[in-house]
1. Out of curiosity, is A34 touching a residue at least 24 places away in the same chain (Cβ under 8 Å) and either surrounded by 15 or more Cβ atoms within 10 Å (Cβ to Cβ) or assigned to a loop (DSSP other than H, G, I, E, B) (or both)?
2. With respect to L175, determine if the residue is in a helix (DSSP H, G or I), within 24 Å of R69 (Cα to Cα), touching a Lys or Arg at 6+ places or on another chain (Cβ under 8 Å) and modelled with pLDDT under 75.
3. Pairs needed: first member in the range 86-105, closer than 15 Å to L31 by Cβ; second member anywhere, outside any helix (DSSP H, G or I); C-beta distance under 7 Å; at least 6 residues apart or different chains.
4. Take L65 and decide whether it is at pLDDT below 85, surrounded by fewer than 16 Cβ atoms within 10 Å (Cβ to Cβ) and of a type in the set (A, V, I, L, M, F, W, C).
5. Looking only at the range 7-25, which residues are closer than 20 Å to L100 by Cβ and modelled with pLDDT under 90?
6. Looking only at residues that are surrounded by 15 or more Cβ atoms within 10 Å (Cβ to Cβ) and either part of a helix (DSSP H, G or I) or charged (D, E, K, R) (or both) in the range 125-147, which one is modelled with the lowest pLDDT?
7. For T50, indicate whether it is open to solvent by less than 80 Å² (accessible area, probe 1.4 Å) and over 30 Å from A176 (Cβ atoms).
8. Quick check on this structure: which one of V102, V114 is of a type in the set (A, V, I, L, M) and modelled with pLDDT of 85 or more?
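The values are calculated or read from the model by the stated rules, or taken from the named source; none is laboratory data. Since the structure is predicted, the reported quantities are computational estimates derived from the model, not experimental observations. Note: ideal-geometry Cβ built from the backbone for every residue, glycine included; neighbour counts use all protein chains shown. Keep in mind that these areas ignore ligands, DNA and RNA; they rest on the heavy atoms of the full protein, side chains included. Shrake-Rupley method; radii C 1.70, N 1.55, O 1.52, S 1.80 Å.
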Amino acid sequence: MTTLGQYVPGTSPVHRMPAIAKLAVLVVVLLTIAIAVRHPWELVPATAVTVAAYALSRIGPRAALRQLRPAVWMLLFVGAFQWLFTSWQRALVVCGVLGLSVAWAALVSLTTRVLDMLDAIHRLLGPFRRFGVNTDRVGLVLAMTIRCIPLIGGLVADVTEARKARGLGFSIRALAVPVVIGALRTADAMGEALAARGVDD
């Protein structure tokens with residue numbers, strides 16, 4: 001099972017692109033989508049380009065669609081809110097832009113090793129050292145953030161499977177409480193590990 005943002009080894013042209021180039025393309029694409037897409041029909045070419053990018057990266061459709069699964073509930077909530085207070089066209093555009101943004105961010109993560117991505121970000125932040133920015137600390141935060149994505153996904157999956165095994169139905173509260181508790185315990189363990197290694201304030 002491919003979790004959100006987990007690197008998939010490959011030799012495609014997208015895999016071979018330098019990490020810093022992929023990050024630059026990601027920024028340009030996200031800005032273009034956010035600015036250019038204003039009507040539902042404009043989602044069609046944007047989606048076509050996204051599908052072509054995934055095809056070029058040789059990421060299978062199942063793995064690609066799986067990247068959107070964690071964002072489904074957020075998209076449903078945002079879509080319902082927009083539909084209720086604006087219009088269904090606006091809801092479609094907002095959800096489409098968000099979904100495409102998640103897909104492009106996931107494509108970069110799926111085709112880029114974490115160390116390569118952190119190295120690229122470290123180089124990009126290099127000029128800010130003169131202003132007191134601790135690039136090592138920023139890199140550490142990013143590494144922990146990337147690592148926590150599959151951890152949280154695993155917590156949700158474990159809780160869901162446990163409820164299914166007990167024959168219990170779906171409940172937002174019953175899902176959220178154990179996930180939050182598990183996430184807090186994981187955060188405490190990470191904090192203690194970092195403190196033990198002298199990485200604290």
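1. no
2. Values: in a helix (DSSP H, G or I): yes; within 24 Å of R69 (Cα to Cα): yes; touching a Lys or Arg at 6+ places or on another chain (Cβ under 8 Å): yes; modelled with pLDDT under 75: yes.
Yes, satisfied.
3. That search, which allows pairs on different chains as well, returns V97/V37.
4. On the way: at pLDDT below 85: yes; surrounded by fewer than 16 Cβ atoms within 10 Å (Cβ to Cβ): yes; of a type in the set (A, V, I, L, M, F, W, C): yes.
For L65, the condition - at pLDDT below 85, surrounded by fewer than 16 Cβ atoms within 10 Å (Cβ to Cβ) and of a type in the set (A, V, I, L, M, F, W, C) - is met.
5. V8, L23, A24
6. Among those that are surrounded by 15 or more Cβ atoms within 10 Å (Cβ to Cβ) and either part of a helix (DSSP H, G or I) or charged (D, E, K, R) (or both), it is I146.
7. So T50 passes the test.
8. V102
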